[in-house]
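Values in this text are rule-based calculations from the coordinates and carry no lab data. What you are looking at is a predicted structure, and each value in this text was computed from that prediction instead of being measured. Don't worry about glycine lacking a Cβ; one is built from the backbone with ideal geometry, like all the others, and counts go over all protein chains shown.
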Amino acid sequence: MRKVAWVTTAENPPVRIRPEIAATQPYRQGRQAAPDAFKLSSNESPFAPHPAVTAAIAEATINRYPDASAQALRDVLAARHGVSSDMVHVGAGSVSILSQLIQAVAGPGDEVIYSWRSFEAYPGLVTVAGANSVQVPSLTDHRHDLPAMAAAVTERTRAIIVCSPNNPTGTIVTEDEFTAFMAEVPRSVLVMFDEAYIEFAGPDAARGPALLAEHPNLVVLKTFSKAYGLAGLRIGYGLGAPYILDAARATAIPLSVTEQGQRAALAALAHEDDYRQQLDEIIARREQITDALIAQGWKVPRSHGNFVWLPTGDFTTAAAELFMERGIVARALGEGIRISIGEAESVDTLLKAAAEVVAKLPSAAQ
Ligand SMILES: *Cc1c(COP(=O)(O)O)cnc(C)c1O
């Protein structure tokens with residue numbers, strides 16, 4: 001068969017792509033690891049799936065469409081969080097719900113506020129909706145500057161994203177901080193509380209579901225990708241007012257949550273206690289790694305996620321390359337490097353590589 005090549009000429013001009021989309025990078029995944037390297041670039045769980053999850057997936061129907069409403073899962077999640085099931089919306093990962101909500105509230109000329117640096121997916125989701133990002137610089141200790149975020153609200157603000165624990169810096173928002181922030185935000189502005197890593201957080205971190213009763217403009221976003229190790233099955237959920245979730249559903253691509261994902265989430269919830277040990281192991285390893293990095297001279301913020309943040313500044317690319325050469329695939333993000341907490345075997349390799357980075361690029365750790 002003849003190969004088709006795309007050539008644009010005067011007679012065959014390129015199709016018109018929205019300029020803001022043409023200027024946007026497609027989502028770039030954490031780099032794939034060489035066979036002997038540790039892939040610590042996407043905050044994935046290093047554990048094998050729970051046997052109940054594996055069994056549940058095997059039972060899924062494949063030739064039929066899934067239950068678009070994910071009713072069984074929503075009922076379980078509603079009971080778990082003490083809300084009605086119409087306050088639960090399930091999506092193909094919580095990123096897809098973020099996308100749906102932004103599309104539902106913000107269009108051309110509208111503004112979406114979030115802290116920066118935060119989750120690398122936020123800017124693209126806002127751009128795709130046609131809206132403008134308002135990035136509020138984080139404090140020097142990497143926490144959200146919530147008073148500045150509230151002060152950034154204008155007539156055009158349609159949504160604010162609060163990420164706690166924050167990806168990639170690991171900092172949290174406390175309940176008092178959040179309550180004070182919400183008192184300054186008009187109730188007509190949607191606030192999304194992204195707590196993808198809440199299961200790894202200490203007791204000081206605000207818990208989104210407990211805040212719902214007080215704040216009618218709040219949607220809490222949660223995922224099975226991190227603590228439950230179901231990243232590959234694409235399943236997450238939002239909690240909030242039914243009319244807001246209906247608006248999200250209206251923008252959703254129907255039927256993108258698979259039966260496998262729904263069954264796996266139900267199985268994981270049914271065996272929730274079995275995940276406690278995994279979480280404790282990751283948290284203990286994160287503390288061990290953080291202590292060791294600080295002892296090496298790194299200025300690492302205390303993380304509440306399953307990752308740590310190395311503020312490497314201008315040395316980020318060079319430092320990430322060195323980690324790569326030493327078998328650690330990390331995520332370089334602008335002015336720092338995010339390293340996921342992985343399997344026990346990765347710790348020595350990681351700390352040796354980090355020590356070498358400090359020795360070769362001492363300024364990277366300042
Ligand atoms: C991983 C992550 C999510 C959820 O991802 P999904 O796999 O789409 O559920 C949401 N927010 C943040 C900040 C994340 O890091």
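Worth a mention:
- Near ALA353, once Lys and Arg are set to +1 and Asp and Glu to -1 for all other residues with Cβ below 9 Å from its Cβ, the sum equals 0.
- For the residue pairs LYS222/LYS360; LYS39/LYS299; LYS3/LYS39; LYS226/LYS360; LYS226/LYS299, the alpha carbons lie more than 30 Å apart in LYS222/LYS360; LYS3/LYS39; LYS226/LYS360.
- Rounded to the nearest 500, the helix-only mean residue ellipticity at 222 nm of the chain stands at -10500 deg cm²/dmol, with each DSSP H run of n ≥ 4 adding -39,500 (n - 2.57).
- Kyte-Doolittle mean at least -1.0, axial Cα span of 30 Å or more - DSSP H helices of the chain: 273-296
- For GLU11 and ASP246, the difference between the fully extended length at 0.36 nm per residue and the C-alpha to C-alpha distance is 80.1 nm.
- Overall form of segment 73-178 per C-alpha gyration tensor (a/c, 1.5; a/b vs b/c): oblate
- Taking a ≥ b ≥ c as the square roots of the eigenvalues of the Cα gyration tensor, segment 64-269 is classed as prolate, since a/c reaches at least 1.5 and a/b is larger than b/c.
- Packing, taken as the mean count of other beta carbons within 10 Å per residue, orders the peptides 12-24, 96-108 from highest to lowest as 96-108, 12-24.
- About the Cα centre, charge dipole magnitude for the chain (Lys/Arg +1, Asp/Glu -1 at Cβ), debye: 1040
- Ordering of 190-200, 212-222 by burial proxy (mean other Cβ atoms within 10 Å per residue, highest first): 190-200, 212-222
- Extension reserve of the ALA284-LEU269 stretch, reckoned as 0.36 nm per residue once the Cα distance is removed: 3.1 nm
- In nm, spacing of pseudo-spin labels at ALA292 and ARG28 (7 Å Cα→C-beta vector): 2.8
- Each residue, ALA121 and ALA78, gets one label point 7 Å from its Cα in the Cβ direction; the gap between the two is 2.5 nm.
- Between segment 85-145 and segment 281-297, the alpha-carbon center distance in angstrom: 30
- Here segment 126-151 is scanned for amide nitrogen atoms under 15 Å from the site 7 Å beyond the Cα of LYS299 along Cα-to-Cβ, giving 138-143.
- Relative contact order %, the chain, counting alpha carbon pairs below 8 Å whose residues are six or more apart: 23
- Subtracting the Cα-Cα distance of ASP36 and ALA318 from their residue separation scaled by 0.36 nm leaves 99.4 nm.
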